[in-house]
Amino acid sequence: MNKYSQNSVYKLAHVHPVLVALFTAILSRDDHSIVCGHRDQKEQDKFFELGRSQVKFPHSKHNKYPSLAVDVAPYIADTASQHVSECAVFGTKVMFMANEMGIPIRWGGDWDGDKNIHEHKLQDFQHFELDVEKYRQTPWFQMYGL
């Protein structure tokens with residue numbers, strides 16, 4: 001049975017409960033690691049300077065508290081993967097599970113959700129975020145809010 005490391009548990013503690021519910025459900029099927037949840041100003045500005053984010057603090061969904069975004073890496077052969085093909089397969093599984101659970105999310109591998117991962121200038125295959133506008137229309141919003 002898959003379980004989170006203490007590091008992943010710590011990072012999830014600062015992530016929106018709906019995203020926690022989603023990735024906890026996925027963990028029963030697909031092992032993965034939480035790479036990043038909430039980012040403070042120092043961390044976000046560092047990611048921006050390194051070109052790993054397109055926005056400065058406080059404009060990322062990672063900067064909200066709890067975080068409305070999470071970066072997740074699938075485990076392949078007991079190692080957290082950053083390979084595009086493995087992250088793409090994992091991303092499609094996450095999108096399927098989110099749809100099954102009624103949780104509207106956006107995936108950094110297919111920002112517009114049209115199932116074409118090759119058309120986007122920015123590809124962030126480990127990134128998942130709540131689609132806030134659609135989320136407001138769900139029963140999840142009634143239970144957990146933003």
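Could you list, in their original order, any pairs among LYS64/LYS121; LYS3/LYS56; LYS46/LYS115; LYS11/LYS46 whose Cα atoms are separated by more than 29 Å?
Those over the limit are LYS3/LYS56; LYS46/LYS115.
With both partners inside segment 6-144, how many of the DSSP beta bridges are antiparallel, as a percent to the nearest 5? Walk me through the numbers on the way to the answer.
Working: 13 of 14 bridges.
About 95 percent, rounded to the nearest 5.
Which length gain, in nm to one decimal place, applies between LYS93 and HIS118 when the Cα-Cα distance is subtracted from 0.36 nm times their residue separation? If you can, show how the numbers build up before the last one.
Numbers: separation 25, 0.36 × 25 = 9.00 nm, distance 1.77 nm.
Gain on stretching LYS93 to HIS118: 7.2 nm.
So for segment 61-146, averaging the separation of alpha carbon pairs under 8 Å that are six or more residues apart and normalising by length, what relative contact order in percent results? Walk me through the intermediate numbers first.
Working: 98 pairs, mean separation 24.7, N = 86.
Value for segment 61-146: 29 percent.
When the chain is treated as a GNM, springs tying every alpha-carbon pair under 10 Å, which of ALA13, ALA73, ALA98 comes out with the largest mean-square fluctuation?
Result for the chain, Cα springs under 10 Å: ALA13 fluctuates most.
In terms of modelled amide H atoms, which long-range or inter-chain residues lie less than 5 Å from the amide H of ASP31?
Long-range HN contacts for ASP31: TYR75.
Per DSSP H run of at least 4 residues, take -39500 (n - 2.57); add these up for the chain, divide by its residues and hand me the 222 nm value, nearest 500 deg cm²/dmol.
Rounded to the nearest 500, it is -10500 deg cm²/dmol.
Determine ³J(HN,Hα), in whole Hz, for all residues of segment 98-112 in sequence, where each value follows from phi through the Karplus function 6.51 cos²θ - 1.76 cosθ + 1.60 and θ = phi - 60°; x replaces Gly and Pro.
Per residue, the Karplus-derived 3J(HN,Hα) values read 4, 4, 4, 8, x, 10, x, 10, 10, 10, x, x, 8, 3, 8 Hz.
Determine ³J(HN,Hα), in whole Hz, for all residues of segment 132-146 in sequence, where each value follows from phi through the Karplus function 6.51 cos²θ - 1.76 cosθ + 1.60 and θ = phi - 60°; x replaces Gly and Pro.
These are the phi-based 3J(HN,Hα) values: 4, 4, 6, 4, 4, 8, 9, x, 4, 5, 4, 7, 10, x, 9 Hz.
A short reminder: the numbers here are calculations on the coordinates, not readings from a lab. Quick caveat: nothing in here was measured; it's all calculated off a predicted structure.
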